[in-house]
1. Out of everything in the range B:211-236 that is within 13 Å of chain A (Cβ to nearest Cβ) and among the aliphatic types (A, V, I, L, M), what residue ends up being nearest to B:LYS32 (Cα to Cα)?
2. Quick one: what pairs do we get from the range A:172-183, first residue within 14 Å of A:ILE102 (Cβ to Cβ), second part of a loop (DSSP other than H, G, I, E, B), C-beta under 7 Å, 6+ apart or different chains?
3. Does the range B:42-54 contain at least one residue that is out of contact with any Gly (no Cβ under 9 Å at 6 or more places or on another chain), among the charged types (D, E, K, R) and assigned to a loop (DSSP other than H, G, I, E, B)?
4. Just one of B:ASP208, B:ASP188, B:ASP226 is surrounded by fewer than 21 Cβ atoms within 10 Å (Cβ to Cβ) and under 14 Å from the mean Cα position of the chain (by Cα); which is it?
5. How many residues are assigned to a helix (DSSP H, G or I) and among the β-branched types (Val, Ile, Thr) when one looks only at the range B:124-149?
6. Just to check your reading of the model, which residue among B:HIS301, B:HIS278 is open to solvent by 20 Å² or more (accessible area, probe 1.4 Å) and farther than 19 Å from B:VAL24 by Cβ?
7. Counting just the residues of the range A:252-278 that are of a type in the set (Ser, Thr, Tyr) and free of Cβ contacts under 8 Å to residues at least 40 places away in the same chain, which one comes out farthest from the other protein chains (Cβ to nearest Cβ)?
8. Among the residues of the range B:5-45, write down those that are farther than 10 Å from B:LEU218 by Cα and open to solvent by 70 Å² or more (accessible area, probe 1.4 Å).
Amino acid sequence: MNGEPVVQVRGVSRHFDVSRPWLTRVFAGEPRRQLKAVRDVTFEVERAQTFGLVGESGSGKTTVARMVVGLLPPTAGSIRIDGVSLTAPGPPADRQRLRRRIHMVFQDPYASLNPRWRIERIIAEPIRAFGLAHSNEVATERVNELLSLVGLHAADRSRFPHEFSGGQRQRVAIARALASSAEFIVCDEPTSALDVSVQAQILNLMRDLQERFGLTYLLISHDLAVVRHMADRIGVMYLGRVVEIGNARALFRTPRHPYTRMLLDAVPDISTRGRPDPDIAGEIPSPIAPPPGCAFHPRCPFAHERCRNEVPALLDGVACHAVHEGRPAA
Amino acid sequence: MRRGVLTAIDGVSFDIGRGEILGVVGESGAGKSVTGAAIIGLVDPPGRVTGGEVRLAGERIDGLSEEEMRQVRGCRIGMIFQDPLTSLNPLFSVGDQLVETMRSHLDLSAGEARRRALALLVEVGIPAAEERIGAYPHEFSGGMRQRVVIALALCAEPELVIADEPTTALDVSVQAQILALIKRLCRDRGTAVMLVTHDMGVVAHTADRIAVMYAGRLAEVGPVSDLINHPLHPYAAGLMGAIPSLEQDASRLVRIPGAMPRLSGIPEGCAFHPRCPHAFDPCTAQRPPLIEGGGRQVACHLYERPSEAEQ
């Protein structure tokens, strides 16, 4: 909690229009439909720290990631990186500088690398795009250096992505993220397509690089154990909203929001073997028509009238009427 | 073009008792799904089973004709796959699919089959089963579809259920419900379950015994608690250390160097030796046999001498 925030996300929302075509709507007398993928999300990421965003499908975590790197404009709210706004118009030079410092590692290493490009060209692209090397020799040297940083060989330069395994491709993606000396890397499920032994290699690599270069990560994952292992602070999302946010250790030790508790109970973890089967009810509702009030209320054992009508605000790191009112919720 | 014969699984032997859940775990390419497919006679061509035998309740089922095998599948062996939509016909209501499956394997009247289908849907936890029995697969959510698939797998009272990554496509909160359901139903009915998964957490919470596979071979087989707390095989130990945990703090995860070999390049001797921190002379030359002792089995040269001495 001592660093300065690199990333400030304030009241960010993103809506998608999922209406059917105009003519169909006219005939069926249907209104337009909006999918509110992300609603009023606020968080900060401090320098050289890892902020983990967890949630199940439909929680909006990937949409947040895409907005933070600037791939999607938010419908409302502001995103500032190092004090420079991604959302408000500003001098183009500022944003060019900003873009150099943000990078993203995607979930699927089979889709995120151009299959027709050699590794050399893939990694050198940000170097070239931002004009970071004044000659080809410098660029080549930089590529070699990056390859050895992520545990690949200089000889891998001239190979194509299909010659690599999933884990190696993810290393290439990380090398590319570092190529422009990015300081802030958004990792969207970086290991969920990988086997556990390879996942461990990549997570260790991410940690080593973070220590070495003071990188800041926004880690998006559905895997609570991965997030616990990597993150300093964690935000838990449910149906587009952050329901709990806090220090990673505290959140795992004493989860407060009923959803966080349910999620932790549900994870099959080798260290919690033998505990009784969790008592979990219901499934995630459709994000197109989320329940009114607190979106978790139909599944919540502590829900009462207020939860059904009023959206709980995120106060003191948790968005839950039962916790705020000090109702028995244990 | 490359030609030649690849060995996907090699000399894999295990048994599953009535009402027991055997978790078969391994990373991609370990051969766990092929093992399941070999048992039910569904190895995709050009693959084929070249040796060994499969016995169901003492009776060999590996040499049966296609027609006989079809009767065994669905009737005596039920199947649950990762994607419920591969098991469900989109053109028939779930009730019709259950009724048809039951009537083709069991001697039941249409009314009786319908009554049992409804009871089964209630048992697997479909809310308002009475109204939803006529619904089509696309009208159900992912978790509910998997419940229907479980009902379908169990409807002809099979002796064995093969569940191949049954919860991999589901969110954790739904996964927990489905695993509890499989566990409860199979215990109650005394059905043997082969649970194929890559997720150690899932087997740790669900299975009675675990078989760890590596490069198409069994590395270690043993009771869940032994295997998780004291894995013998270096690969099993590496796998346990590589998994981030919710309870224990580890600043670094155990790192198994390298990756699973391709089928075309399985190393001589022990398939794990190039990645193994304990590899010594015999590992590169001789393939380790599966050594038994104390209810556990391990295929590793490290344990050869001591286990002989013990016996």
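The values are calculated or read from the model by the stated rules, or taken from the named source; none is laboratory data. Predicted model, so just to flag it, every value in this text is computed and none were measured. Cβ: placed from backbone, ideal geometry, glycine included. Neighbour counts: every protein chain shown. Just the protein is used for accessible areas: all its heavy atoms, side chains included, with ligands, DNA and RNA removed. Shrake-Rupley method; radii C 1.70, N 1.55, O 1.52, S 1.80 Å.
1. Filtering the range B:211-236 for residues that are within 13 Å of chain A (Cβ to nearest Cβ) and among the aliphatic types (A, V, I, L, M), the one nearest to B:LYS32 (Cα to Cα) comes out as B:MET213.
2. Partner pairs satisfying both residue conditions: A:SER180/A:PHE130; A:SER180/A:LEU132; A:GLU183/A:LEU215.
3. Within the range B:42-54, one or more residues are out of contact with any Gly (no Cβ under 9 Å at 6 or more places or on another chain), among the charged types (D, E, K, R) and assigned to a loop (DSSP other than H, G, I, E, B).
4. Going through B:ASP208, B:ASP188, B:ASP226 in turn, the sole match is B:ASP208.
5. 2
6. Only one candidate qualifies: B:HIS278.
7. Per the criteria, the residue is A:THR254.
8. Selection gives B:VAL5, B:LEU6, B:ASP15, B:ARG18, B:SER28, B:LEU42, B:ASP44, B:PRO45.
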